[in-house]
Amino acid sequence: MQCFVPCAVDGCGKPAFASGDTCLDHAPDREAALAAASALLESSDSARDLSFAGAALEGLNLSGRRFYACSFMGASLRSVLFTNSIFRLCFFDGALIDSCDFSRIDAQFCSFGGATISNVSFENSELLHVSFGGAAISDSTFNKSNLYDSRFIRSVLKNVDIVDCDLKRVYMLPLKQDNVSYKYSNTMEAVRDLEHLYL
Amino acid sequence: MKLYQHYSLYGFANSYLLGDEVTRRALIVDPGEFTVGMLNHIEGNGFYVAAVLLTHSHIHHVRGLKTLLKIYEAEVFAATSKVLGFPCRVVSDGERLAVAGFSVDVISVPGHSPDSVVYKIDRILFTGDALHAGVIGRTLSPFNARLLVDGLKAKILSQDDGCIVLPGHGPPSTIGAERRSNLGLEEGYANKVTATYDFFV
């Protein structure tokens, strides 16, 4: 896992985009590369070791897919359905995630660091060892999810429901929160100050 | 290259198995425990563990050595000469190692412990307890905190934004995300650290 093919352009160093030879910046036809990536995602049941960094994906139904070691860093995801999907070691750092559905997903060891997440449902999900560090999350719900060992460090939360969630070992140290509900969640088992870090 | 993460309930620590699909040789980073499940996974994929990389010698990251070395004749790499009585090949800052078919860069980042090192393989950083998602490793004094923060800023956060951080505890991250939102890298953090001598991992 995380065995990306490097961009074919000398000195670039970025992973190649989707199944192509170059990263998106060096793709000879950016639009064609994006269309190919969308087609690849929609046609496959699983994706492994693929980078979709910087992709703009909209209106895709990727429900029930399996993603292993895939990167969506800096991608723009709008109205994409990931319902019931499985994620392992996947990265959404710096991504813009708007009006997407991540409900009933099984995500382990993933990162949404610095992502902008709005109008997204993570309800009824397994979100184990997932980092939301520095993410700006608004108008979203995590209700009835297991967030074991996940982290919300320096996140900005606005209009977020974290209702009836398992927060055991969750680092809940947001930079700012406004209208966040933790009703029925075991907040006492979360780490809420620096004195109690388990490091 | 195949990478697997194992979450150890002993110390809630992460271990990583990195295998070469051609040579079937593998290395393990921080075997906090070595379970039957891990053994079955390694054997089921046809790997032989040829090396162990230790990011530091705290017990929650090394206890599995006792079992692992009874099964595999693996060379142990660490920044100290002996761990749990097992001799180690001592690594030093800036060294490039050829381990189990992988090119491994050694980056010394003391502070959490004197022997803390980060291993870089391709675009992946195995940071041990030096750097976690959102926080840095616990230190025993403001001096150690400053040492760690300075080391991280100079050697780790200077890496590319897209480099992946695989820490000794907790979820993964990226260098870009840590540079922007790690609590331990806030200005003045080191001065807030008070000397504590309670048990830590």
In segment B:103-126, residue surrounded by the fewest Cβ atoms within 10 Å (Cβ to Cβ) [restricted to those that are farther than 17 Å from B:G170 by Cα and of a type in the set (V, I, T)]:
B:V106
For segment A:45-70, enumerate the residues that are within 22 Å of A:T22 (Cβ to Cβ) and either in contact with a Gly (Cβ under 8 Å, 6 or more places away or on another chain) or among the acidic types (D, E) (or both).
A:D49, A:A53, A:G54
Just the residues that are aliphatic (A, V, I, L, M), surrounded by fewer than 17 Cβ atoms within 10 Å (Cβ to Cβ) and under 15 Å from A:S76 (Cα atoms), please, taken from segment A:1-59.
A:A35, A:A56
B:K120: under 30 Å from B:E186 (Cα atoms), of a type in the set (K, R) and at pLDDT 95 or above, yes or no?
yes
I'd like the full set of residues that are basic (K, R), more than 15 Å from A:N186 (Cα to Cα) and at pLDDT below 95, limited to segment A:155-176.
A:K176
Scanning segment A:36-57 for residues that are within 14 Å of chain B (Cβ to nearest Cβ) and outside any loop (DSSP other than H, G, I, E, B) gives A:R48, A:S51
Output for Cβ contacts, cut-off 6 Å, separation at least six or different chains, first residue under 17 Å from B:K70 (Cβ atoms) in segment B:33-49, second aromatic (F, W, Y) and modelled with pLDDT under 95, reads B:E33/B:Y10
Which of the residues spanning segment B:109-139 are among the hydrophobic types (A, V, I, L, M, F, W, C), within 8 Å of chain A (Cβ to nearest Cβ) and assigned to a loop (DSSP other than H, G, I, E, B)?
B:A133, B:V135
With the requirement that a residue be surrounded by fewer than 24 Cβ atoms within 10 Å (Cβ to Cβ) and within 16 Å of the chain's Cα centre (by Cα), what does segment B:127-145 give you?
B:R138
Tell me which strands (runs of 3 or more DSSP E) are completely within segment B:1-43 and hold 2 or more residues being within 13 Å of chain A (Cβ to nearest Cβ) and at pLDDT 90 or above, or say none if there are none.
B:2-8, B:13-19
A:A95 passes all but one of the listed conditions (1) away from chain B (no Cβ under 14 Å); (2) small (G, A, S); (3) touching a Leu at 6+ places or on another chain (Cβ under 7 Å); the exception is number (1)
Kindly indicate which of A:K176, A:K183 is among the basic types (K, R) and touching an Asp or Glu at 6+ places or on another chain (Cβ under 8 Å).
A:K183
Assuming B:A100 fulfils every condition listed in (1) modelled with pLDDT of 95 or more; (2) buried (at least 23 other Cβ atoms within 10 Å of the Cβ) apart from one, which condition is it?
(1)
Within segment B:148-168, does at least one residue satisfy the condition of being within 14 Å of another protein chain (Cβ to nearest Cβ), closer than 18 Å to B:A13 by Cβ and part of a loop (DSSP other than H, G, I, E, B)?
yes
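The values are calculated or read from the model by the stated rules, or taken from the named source; none is laboratory data. Worth saying up front: this structure is predicted, and the values here are computed from it rather than measured. Backbone-built Cβ (ideal geometry, glycine too); neighbour counts: all protein chains shown.
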